[in-house]
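The values are calculated or read from the model by the stated rules, or taken from the named source; none is laboratory data. Fair warning: this is a prediction, and the values are worked out from it, not measured in the lab. Neighbour counts are summed over all protein chains in view; Cβ atoms, including those assigned to glycine, are modelled from backbone coordinates with ideal geometry. To get the accessible areas, we keep the full protein, side chains included, count just its heavy atoms, and leave off ligands, DNA and RNA. Shrake-Rupley method; radii C 1.70, N 1.55, O 1.52, S 1.80 Å.
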Amino acid sequence: NAGVTQTPKFQVLKTGQSMTLQCAQDMNHNSMYWYRQDPGMGLRLIYYSASEGTTDKGEVPNGYNVSRLNKREFSLRLESAAPSQTSVYFCASHSSGNTIYFGEGSWLTVV
Amino acid sequence: DAKTTQPNSMESNEEEPVHLPCNHSTISGTDYIHWYRQLPSQGPEYVIHGLTSNVNNRMASLAIAEDRKSSTLILHRATLRDAAVYYCSTWGNTGTASKLTFGTGTRLQVTL
């Protein structure tokens, strides 16, 4: 059972570089989310998407862009990475059935 | 979505029950109460959720206060594998996305 799949799992970037975190779910969920989790901290919502083609800002959207091109995929882009964006990123999805499914996380280090 | 408050950490001995509290005093009438847990180096996983009545599943029980302003996650017999961060959150079940936010959670330590 694939569930929510994130790539890459680990990435090291130099300050100013750009990259895209990919997320895909195979559960036909309408809603998808991107969170970041800093060491010893809780989850903070970056962006979410209610359905294909729609996105909304969460708690900490600055420095990120997202794209929901189809129902399965929701990508997170860092246009110009900064050390403050060093974090673990989690993608999640859910339907009206309440349970949220999370990916395994993407560990990003910006040097 | 309502803000939740949880203790930063709790400790338990193995095989003993654990009661993890959560305050959500601004919860709306239609919001569900959700609990997730996060094991080290993993993504959060679903534990349990409820609306008004107490709920039981194979992982835990959820006791919801009559005024719904607080709830308690009950692990009946803690094991070392239950050591994790437990997150309480509240949101509606409208079928559309909402800002699913989580607090800082409670770090549960389980000792022999």
Size descriptor, Kirkwood hydrodynamic radius, that averages inverse alpha-carbon separations across region B:1-83, Å: 13.4
Debye intensity ratio in log₁₀ form over the Cα atoms of the protein assembly as shown, taken at each q of 0.12 Å⁻¹: -0.65
Per DSSP, loop trypsin sites (Lys or Arg not before Pro) in region A:9-109 with at most 13 further Cβ within 10 Å: A:9, A:14
Accessible area of chain A belonging to carbon and sulfur atoms, whole % at 1.4 Å probe: 49
Loss of accessible area when A meets B, both sides summed, Å² nearest 100, probe 1.4 Å: 1800
Evaluated at q = 0.12, 0.22 Å⁻¹: base-10 log I(q)/I(0), Debye formula over Cα of region A:1-86: -0.35, -1.15
Surface per residue (accessible, 1.4 Å probe) for chain A, Å²: 46
Net charge of neighbours whose Cβ lies under 14 Å from the Cβ of residue A:17, counting Lys and Arg as +1 and Asp and Glu as -1: +1
Sparse-neighbour loop sites [GluC sites (Glu not before Pro); region B:1-96; at most 15 other C-beta within 10 Å; DSSP]: B:14, B:15, B:66
Dipole of chain A, positive end: most advanced residue of A:25, A:110, A:43 [Cβ charges, Cα centre]: A:110
14 Å beta-carbon shell around residue A:62, net charge (K/R +1, D/E -1): +2
Carbon plus sulfur fraction of accessible area for chain B, probe 1.4 Å, in percent: 47
Chain B: antiparallel DSSP beta bridges as a percent of all, rounded to 5: 85
Given charges at beta-carbon only (K, R positive; D, E negative), |dipole| of chain A in Debye: 120
Spin-label pair residue A:73/residue B:111, simplified geometry with 7 Å Cα→Cβ offset, distance in nm: 5.0
Amide proton proximity set for residue B:109, modelled H, under 5 Å, gap of 5+: B:10, B:11, B:12
Cα centre as origin, Lys/Arg/Asp/Glu Cβ charges: region A:54-111 dipole, Debye: 180
Mean separation of Cα contacts under 8 Å (6+ apart) over length of chain B, as relative contact order %: 38
Pairwise Cα inverse-distance average, inverted: Kirkwood Rh of region A:58-111 (Å): 12.8
FRET efficiency for residue B:80 and residue B:57, using Cβ-Cβ distance with R0 set to 22 Å, rounded to 0.05: 0.60
